[in-house]
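Notes for the one structure printed next.
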Amino acid sequence: MKKLLILGAGTGGTIMANKLSKVLDSSEWEITIVDAEKDHYYQPGFLFIPFGIYNKQDVIKPKANFIPPGVKLVFKKIDLIEPDKNRVVLDDGTILNYDWMILATGTRIVPEETPGLVDKLWRKNIFDFYSVDGAVALREFFRSWEGGKMVMAISEMPIKCPVAPLEFVFLADHYFTEVGIRDKVDISYVTPLPGAFTKPKSSKMLGELLKDKNIEVVPEFYIESIDNDKQVIKSYDEKEIPFDVLTIIPVNMGSELIEKSGMGDDLGFIPTDKFTLRSEKHENIFVLGDAANLPTSKAGSVVHFAADIVYENFLSAIENRPMMAKFDGHSNCYIETGFGKGSIIDFNYDTEPLPGTFPLPGIGPFGLLKNTKMNHYGKILFRWIYWHILLKGRELPIESEMSMAGKKI
Ligand SMILES: Cc1cc2nc3c(=O)[nH]c(=O)nc-3n(C[C@H](O)[C@H](O)[C@H](O)COP(=O)(O)OP(=O)(O)OC[C@H]3O[C@@H](n4cnc5c(N)ncnc54)[C@H](O)[C@@H]3O)c2cc1C
């Protein structure tokens, strides 16, 4: 039997297990997927928990529900990858050998990387919403908060879903208006980027929206530490920003496993060919999702598009055919902007988010870089699509390659 080992049963690993189990002959192939956690989180849903729109139960389902029959599911922490021996060691000492591997171990938040972040104010006045526990703790805090200075800060890039902190401040503006204390809440958006977002057109549109909502943007702020006594965040160039409540996106890094196995860059992301999605160092390893060091967003949409490329190239590689599928860095993100509206961006390695209509030229129904109710419905519908279509590796009517149709240059 040939052995395919999938590391990580999150978004990417689950999609690949579903896609490949349909086409690999079960009399020739043994597919195993390993993950440390039994719960699958719909991570985009974390955004809505602090504002009472979703609760914890709305974003969790058992991972086992999404792994197809015939794929061996192992719930164990992976301790080490030994790529030169084609084997993996689990934390109980079990050894799993492989012929081919798909690495989809994602990214994790590492608040300890920022001095003073995990200190006496952690989960009292300082919160993250990139973990379910952080999002739930923030919900509890907001229930009785009477207002003050709220700072939303990004510690450093890259982070997964780079629009999520923007969505957070838009929803905060909405939420505090609804509970009647918006005039008592001062919202600041603190980012290491030169503006609201990375690329000129989207940064302008989102920056204007922030301004309309009276949310202050503090660009090019590189967080050095948090002073818990003074309740300020400090930058490397010695600027200080005071806060009553700080919501922060902690440093994002690849799985500890990658660092321990000597397979990552400085942040633990795996050097990956940005077109073929094969590991730069190991020919029998493909890398999918947030774990890869690709110059595009770390987002579920990227995982979904990239999965088509990994699928094609994996099937070519195992038959010694040339790998013809080429990933273009396609990313597509709905951006919740509050008050029942949203925006959407669609871009790739070479094309920045542009205005226009999506997916159909002139028709939409979604408006690129526009603030519309329809875009909000797209975001809300996405949770259903995620559980029922995307994770199961089923086709969606959106091509993995980005289309220029409907985009205005
Ligand atoms: C707040 C928030 C909002 C978001 N919003 C959006 C959005 O609107 N749109 C969008 O497209 N994306 C969004 N995302 C991003 C999206 O959820 C991720 O990009 C996507 O889930 C990444 O998939 P993945 O398979 O690479 O990693 P994951 O789904 O995170 O899976 C990685 C898996 O690897 C396992 N693992 C890691 N190390 C080990 C180990 N040593 N042993 C065993 N198992 C291990 C983990 O347990 C995990 O199950 C959001 C994320 C967050 C946090």
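The values are calculated or read from the model by the stated rules, or taken from the named source; none is laboratory data. Since the model is a prediction, treat every value here as computed from it, not as a measurement. All Cβ positions, glycine included, derive from the backbone under ideal geometry; neighbour counts span all protein chains shown. Note: areas computed on protein heavy atoms with side chains; ligands, DNA, RNA excluded. Shrake-Rupley method; radii C 1.70, N 1.55, O 1.52, S 1.80 Å.
In percent, how large is the relative contact order of the chain, given Cα pairs closer than 8 Å and 6 or more residues apart?
Numbers: 889 pairs, mean separation 65.5, N = 409.
With pairs under 8 Å counted, the relative contact order is 16 percent.
Between Gln57 and Ile363, what length comes free when the chain is fully extended (0.36 nm per residue of separation minus the Cα-Cα distance, one decimal in nm)?
Values: separation 306, 0.36 × 306 = 110.16 nm, distance 3.59 nm.
Once the chain is fully extended between Gln57 and Ile363, it gains 106.6 nm.
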Query raised in the report: If you take the square roots of the eigenvalues of the alpha-carbon gyration tensor of the range 365-409 and sort them as a ≥ b ≥ c, do you get rounded (a/c under 1.5), prolate (a/b over b/c) or oblate?
Result: oblate
Query raised in the report: With contacts defined as alpha carbon pairs under 8 Å and 6 or more residues apart, what's the relative contact order of the range 56-210 in percent?
Result: 13
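Using a Förster radius of 56 Å, what is the FRET efficiency between Thr351 and Asp244 based on their Cβ-Cβ separation? Nearest 0.05, please. Could you put the intermediate results ahead of the total?
Working: r = 40 Å, r/R0 = 0.72.
The computed FRET efficiency comes out at 0.85.
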Query - Spin-label model distance (nm) - Glu37 vs Asp25, 7 Å beyond Cα toward Cβ - result: 3.8
Query raised in the report: Say we join alpha carbon atoms closer than 10 Å with springs in a Gaussian network model of the chain; which of Lys184, Lys326, Lys63 then has the biggest fluctuation?
Result: Lys184
Query raised in the report: Gain in length, Phe75 to Phe275, computed as 0.36 nm per residue apart minus the alpha-carbon separation, to one decimal in nm?
Result: 68.9 nm
Requested in this report: Note down the nm distance, to one decimal, between modelled labels 7 Å out along Cα→Cβ at Asp229 and at Ala64.
Outcome: 5.2
**Report entry** Cα-projected label distance for Glu401 with Asp84, points at 7 Å along beta-carbon direction, nm
**Finding:** 4.0
Query raised in the report: Between the range 289-353 and the range 128-207, what's the alpha-carbon centroid distance in Å?
Result: 25
Query - Probe 1.4 Å - accessible area at Phe66, Å² to nearest ten - result: 20
Query raised in the report: Got a number for the accessible area of Val179? Probe 1.4 Å, square angstrom, nearest 10.
Result: 80
Report task. Choose one answer from Phe129, Phe176, Phe366: the residue with the largest mean-square fluctuation in a GNM of the chain with alpha-carbon springs under 10 Å. Result -> Phe176
Query raised in the report: Given the pairs Lys120/Lys160; Lys56/Lys373; Lys149/Lys211; Lys22/Lys392, which are separated by over 20 angstrom at their Cα positions?
Result: Lys120/Lys160; Lys56/Lys373
Report task. Would you compute, for the Cα atoms of the chain, the largest minus smallest coordinate along each principal axis and list the three values in descending order, in whole Å? Result -> 66, 52, 39
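Over the range 268-338, what percent of the accessible surface lies on carbon and sulfur atoms, probe 1.4 Å?
Details: 1170 of 2420 Å².
Answer for the range 268-338: carbon and sulfur cover 48 percent of the accessible area.
Over the chain, give the accessible area per residue in Å² for a 1.4 Å probe, as an integer.
Values: 17560 Å² over 409 residues.
Ligands and nucleic acids excluded, the figure is 43 Å² per residue.
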